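Let me begin by presenting the structure, written as C-alpha cells, before commenting on it.
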There are 2 protein chains.
Amino acid sequence: MTQPPLPVSKIPMVPPRILLGPGPSMVHPRVLQAMMQNMIGYLDPDFIKIMDEVSELLKRVYQTDDAITFALSGTGSSGMEAGISSLLEPGDTVVMCIYGYFCERMVDMATRVGANVVPIRADWGKPFPEEMLEAELKKHTDVKLVTAIHAETSTGIRQPLEGISRLAQDHDAMFMVDAVTSLGGNEMAFDDWGIDYSYSATQKCLGCPPGLSPVALSARAHESIKSRSTLPSSWYLDLALNANYWGFDRVYHHTAPVSMILALREGLRIVLEEGLESRFARHETNAAALRAGLEAIGIKMVAPVGYQLAQITPVWIPEGVDDDAVRHMLLRQHSIEIGKGLGELAGKAWRFGLMGESSRPEYVLALLSALEGILPRVGYETASGAAVGAASQVLTGG
Amino acid sequence: MTQPPLPVSKIPMVPPRILLGPGPSMVHPRVLQAMMQNMIGYLDPDFIKIMDEVSELLKRVYQTDDAITFALSGTGSSGMEAGISSLLEPGDTVVMCIYGYFCERMVDMATRVGANVVPIRADWGKPFPEEMLEAELKKHTDVKLVTAIHAETSTGIRQPLEGISRLAQDHDAMFMVDAVTSLGGNEMAFDDWGIDYSYSATQKCLGCPPGLSPVALSARAHESIKSRSTLPSSWYLDLALNANYWGFDRVYHHTAPVSMILALREGLRIVLEEGLESRFARHETNAAALRAGLEAIGIKMVAPVGYQLAQITPVWIPEGVDDDAVRHMLLRQHSIEIGKGLGELAGKAWRFGLMGESSRPEYVLALLSALEGILPRVGYETASGAAVGAASQVLTGG
C-alpha cells in the first residue's frame, strides 16, 4: 500500500467550548486531573479498593442502602440496554411509558430482545398520566417490568415516579428508571421510590466525560436475573456478570476502563462534597434564571410549569427563526453549544442544558447575552438587555 | 437516610505501577495529556473532524484501504460481541476455531445470539491446525462466518490467518478476526488477508487506556448487516448503527466517549510516527530479550518457537513455585504487575506482557532482575544474574 507521509506534530488540542446542550457537559478540572493518572491494572488490589469506593459513592448519590451499585463500561444507552436485555427474557411482557425520544429507544431495544413490548404512548412535552398505565396494567396478568424515564432529555419533563412505582408494585412488576439526565441534578431516591433498576451517565449532571453508565440494581432484580431460564442476549452488558466483577467474586469479565473509573470517582466525590441538596438547589436557581431571561424575550418553554427539569430546558424556536443559523452563530461566534430538537421536536425546539459543571450563573448570562445579540439578526426583535436583566435578577435574589 | 460524613480530601492518586501483564499496558504521556482536554460535544463539527481523523489513522494501522474503520464505545469484548451479534442472525451457522480462553468467549456470545455454533476445539498453546477447519467446513453448506483470534492472550500464540481466510472464502463464509492483542504490536493486514470484520482494544499495543474497541468492517460485511432479515440483538453494539454515526450520515446514536477518542487519536498518531515496521521490530526485540532471560534460568514458554507472540509471553510456572506468592512479591516489592493464567492455564502459567508502551528494555531488565531476586526465596534456585545477563546480550545485539 502506498500512503502519504503522516504529519508529525504536537498534540492537537480541541477548541474551547461552553457546553450548554444535552451533554456532554463541562468537566470539572479535578476530574480531568484524576483521569490523567498513570495506568493501573483492573485486577490490582489497589484498584479493587477504588471500585469499592465508587460503588459506595454511587450508593449515596442514588440514595440507596440496599442496591448493588456499579458502573457499566459503556455510555448511558448501554445502561438502558443492560437493563432491558438482563431483566427481560424473550416473551416477557414489559409495559413502557412513552413520552419522548428516549422512551422510544427502549421500545427498540426490548423488541430486539424478543420481549412482548407494550408501549403506552402519551403526549410528548407533558408528564406521563398515571391513569394510562393503570388502565393498561389491568389488561395484563403477567407484566414483568414497567419502565419510565425520570428526566426526558428530549422534552425537559421531570416525571414523578412514585405513582408509577406503586402501580408496578401493585401488579407485581419490577420498575426500571432511566436516570441518565437526573442523577446528580435532582432528587433520585432509589430505595424510597421502590426502583428495581436504574442507570445513568457520567457526562450529564456528574461532571465527568462520557463513557460509563453508573447503575443501581435492587436485590429483587438481581435475583430475577440470576434465576432466568435463558442467558441474556448480551454478554458484555449482562448485569449479573458485571455485578460479579464489581461486587461479588471479582470474576474477570472484561478490562474495566480504568481512567474513566478514576474520573467517575472524582466526579462523585465532588458531587457529595457539594452535597446533594445544595447541588439540586444550584441547578434549580440557574435554571430559574435562564427561564426568566428567555421568558423576558418571549421565548416559551416546552415543559409545563411544575414539571420542568432544571438540567435541560427545551424551548420552542420562535416562528420564522432559522434553527441552524442560530446554533451555528452560537457555536462559531460565542463558542457555545446548545442542543437541537430530537424526534417530534426536530427543527421545532432548542435544548439548553445546565447540567453539573455547566450549571453556572456565568454561562446563563453568556448564553442569554449571545441570544440577545443573535436573534435580532435572524428577524426576531428583542428588547435589548431584557433577558440578561431578568436572569440577573433571579441570580441575585432580586 | 443517615450516612457518615464524607471525608473531603485532595485527589487520591493511584500508586505507580510497571504494567507487564496482559493489559492494560503503560499509557504514553502524550495520550494522557490528550485525554485531559476540555470537553467538546460529540456532534460538534470540530469533533466530527477528529472522528474522521481517527478513522483515517485506523485504516493505516489495520492496513486497509477499503474497510470502514471506527471505534466502538466499549472495551475489546464489546467489539467481539458487536461482530457476533451484528454478523449472525438466529440460526446462522458460525464455525469457530478454538485454541484458548478468548475463543471460548466467542462461543458464549454466539450461543446467546441463537446462532448455530460449531466450535472446533484444538489444543491450547499450539497454533490452530487448518486441516481441522477444512474437514469441518466440508460438512456444511451454509457457513456464514468463520472466526479466529490473531493473538490468543491466554496462550501467547500468534495464529497465522491466511490459510483460515482462504478456507472461509472457498466456502463463501465471512471471516472475523480478534485483533485485541495484535493491532499495533504485529503485522495485521486486513485487506491482504481477506478479513471481513476485526476488532481490537486500546489498552494493549496502542498505548491508550482501556475503554474503546477500534474496529474494521469490510464492505461485504457491511452489506451483509444491512440486508439482515432481523435486527441484531444489541442496539448499543449494532455495527450498522455505529458505522452510520461514525462514517455515513452522522445519525445520532449514542454520546461518544469524547476523552477516550481524543486519547485514541493521540495513541494512533504515536504508533504511526514510530512506524508500523519499527514498532513491530521493537516488540520482537524486547520479547526476544525476555525469552532469552527466562530461558537462561530454565523457565519454559507455553507457545512453541515460530508461533510466539512478542506482545505476551505466557510461561509455565516452575514446579513447586507458589503462583500467588510470586505475583504478590512482584507487585508489592517491585510495583510490577504480571498476568496470571486463564482457563486451562489457571495456576499453571504466568503471562508477561510487553505491549505498546510497556515494551521497553528497562522493563524487561526490571522484571528479570525482580524474578531473580524472588524465585530463590520460593524454592527455585537461579544462577545469579543469568537472566538479566542473557537479556542484556540480546538488547545490545551481542
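The values are calculated or read from the model by the stated rules, or taken from the named source; none is laboratory data. Predicted model only: the values in this text are computed from it and were never measured. All Cβ positions, glycine included, derive from the backbone under ideal geometry; neighbour counts span all protein chains shown.
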- Test set (1) buried (at least 20 other Cβ atoms within 10 Å of the Cβ); (2) within 30 Å of B:L264 (Cα to Cα) - B:E362 fails condition number: (1)
- Item | Odd one out for B:K300, checked against (1) surrounded by fewer than 20 Cβ atoms within 10 Å (Cβ to Cβ); (2) within 22 Å of the chain's Cα centre (by Cα) | (2)
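So if I check each of A:G163, A:G185, A:G194, which one is more than 14 Å from chain B (Cβ to nearest Cβ) and surrounded by 24 or more Cβ atoms within 10 Å (Cβ to Cβ)?
Values: A:G163 fails: surrounded by 24 or more Cβ atoms within 10 Å (Cβ to Cβ); A:G194 fails: surrounded by 24 or more Cβ atoms within 10 Å (Cβ to Cβ).
From the options A:G163, A:G185, A:G194, the qualifying one is A:G185.
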- Item | Qualifying positions in region B:335-359 - surrounded by 17 or more Cβ atoms within 10 Å (Cβ to Cβ) and assigned to a helix (DSSP H, G or I) | B:L345, B:G356, B:E357, B:S358
- Residues within region A:304-346 that are more than 14 Å from chain B (Cβ to nearest Cβ), touching a residue at least 12 places away in the same chain (Cβ under 8 Å) and small (G, A, S), tallied: 3
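Among the residues of region A:306-316, is there at least one that is touching a Phe, Trp or Tyr at 6+ places or on another chain (Cβ under 8 Å), surrounded by fewer than 18 Cβ atoms within 10 Å (Cβ to Cβ) and under 23 Å from A:P160 (Cα atoms)? Step through it out loud before you land on a result.
Taking region A:306-316 first, the residues touching a Phe, Trp or Tyr at 6+ places or on another chain (Cβ under 8 Å) are A:310, A:312-315.
Checking which are surrounded by fewer than 18 Cβ atoms within 10 Å (Cβ to Cβ) leaves us with none.
No, region A:306-316 contains no residue that is touching a Phe, Trp or Tyr at 6+ places or on another chain (Cβ under 8 Å), surrounded by fewer than 18 Cβ atoms within 10 Å (Cβ to Cβ) and under 23 Å from A:P160 (Cα atoms).
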- Query: Which of the residues that make up region A:322-333 are farther than 13 Å from A:G21 by Cα and crowded, with 16+ Cβ neighbours inside 10 Å?
  - Reply: A:D323, A:V326, A:M329
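With respect to B:P22, is the statement that it is surrounded by 15 or more Cβ atoms within 10 Å (Cβ to Cβ), over 30 Å from A:P16 (Cβ atoms) and more than 7 Å from every other protein chain (Cβ to nearest Cβ) true? Before the answer, list the steps.
Values: surrounded by 15 or more Cβ atoms within 10 Å (Cβ to Cβ): yes; over 30 Å from A:P16 (Cβ atoms): yes; more than 7 Å from every other protein chain (Cβ to nearest Cβ): yes.
So B:P22 fits the description; yes.
Out of all the residues in region B:232-245, which are of a type outside the set (S, T, Y) and either within 11 Å of chain A (Cβ to nearest Cβ) or in contact (Cβ under 8 Å) with a residue 12 or more places away in the chain (or both)? Before you say what the answer is, go through the steps one by one.
In the first step, residues of region B:232-245 are kept if they are of a type outside the set (S, T, Y); the result is B:232, B:235, B:237-244.
Hits for region B:232-245 are B:P232, B:W235, B:L237, B:D238, B:L239, B:A240, B:L241, B:N242, B:A243.
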- Among residues of region B:63-110 being facing another protein chain (nearest Cβ under 8 Å), part of a helix (DSSP H, G or I) and of a type in the set (D, E), the residue surrounded by the fewest Cβ atoms within 10 Å (Cβ to Cβ) is B:D108
- Has region B:287-303 got at least one residue that is hydrophobic (A, V, I, L, M, F, W, C) and within 14 Å of another protein chain (Cβ to nearest Cβ)? no
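What tally of residues in region A:162-178 results from selecting those that are free of Cβ contacts under 8 Å to residues at least 40 places away in the same chain and within 18 Å of the chain's Cα centre (by Cα)? Before the answer, list the steps.
As a first pass, look at region A:162-178 and keep what is free of Cβ contacts under 8 Å to residues at least 40 places away in the same chain: A:162-163, A:165-172, A:175, A:177.
Narrowing the set further to residues that are within 18 Å of the chain's Cα centre (by Cα) leaves A:175, A:177.
The total comes to 2.
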- Is it the case that A:E56 is at pLDDT 95 or above and surrounded by fewer than 17 Cβ atoms within 10 Å (Cβ to Cβ)? yes
- Task: Consider A:P119 carefully, then state whether it is at the interface with chain B (Cβ under 7 Å from one of its Cβ atoms) and surrounded by fewer than 21 Cβ atoms within 10 Å (Cβ to Cβ).
- Result: no
- Sole exception among (1) in a loop (DSSP other than H, G, I, E, B); (2) in the same structural domain as B:H253 (by TED's automatic domain parsing) for B:M51, by number: (1)
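What number of residues within region B:297-334 satisfy the criterion of being charged (D, E, K, R) and part of a loop (DSSP other than H, G, I, E, B)? Walk me through how you get there before you give the answer.
Let us first name the residues in region B:297-334 that are charged (D, E, K, R), namely B:300, B:319, B:322-324, B:327, B:332.
Still in the running and part of a loop (DSSP other than H, G, I, E, B): B:300, B:319, B:322.
Result for region B:297-334: 3.
Being aliphatic (A, V, I, L, M) and at pLDDT below 95 narrows it down to one of A:L375, A:L368, A:L342, so name that one.
Numbers: A:L375 fails: at pLDDT below 95; A:L368 fails: at pLDDT below 95.
Among A:L375, A:L368, A:L342, only A:L342 is aliphatic (A, V, I, L, M) and at pLDDT below 95.
Quick check: is even one residue across region B:234-255 of a type in the set (V, I, T) and at pLDDT 95 or above? Please lay out each step first, then the result.
Taking region B:234-255 as the starting set, the residues that turn out to be of a type in the set (V, I, T) are B:251, B:255.
If we keep only those that are at pLDDT 95 or above too, we end up with none.
Checking region B:234-255: not a single residue is of a type in the set (V, I, T) and at pLDDT 95 or above.
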- Restricting the search to region A:226-240, which residues are surrounded by fewer than 23 Cβ atoms within 10 Å (Cβ to Cβ), in a helix (DSSP H, G or I) and within 24 Å of the chain's Cα centre (by Cα)? A:A240
- Would it be correct to say that B:E274 is surrounded by fewer than 18 Cβ atoms within 10 Å (Cβ to Cβ) and in contact with a helix residue (DSSP H, G or I) (Cβ under 8 Å, 6 or more places away or on another chain)? yes
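Quick one: is A:I68 under 28 Å from A:E136 (Cβ atoms), touching a residue at least 24 places away in the same chain (Cβ under 8 Å) and not aromatic (F, W, Y)?
So A:I68 does not fit the description; no.
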- Query: Can you name the residue in region A:246-279 that is part of a helix (DSSP H, G or I) and free of Cβ contacts under 8 Å to residues at least 12 places away in the same chain and, of all such residues, is nearest to the other protein chains (Cβ to nearest Cβ)?
  - Reply: A:E273
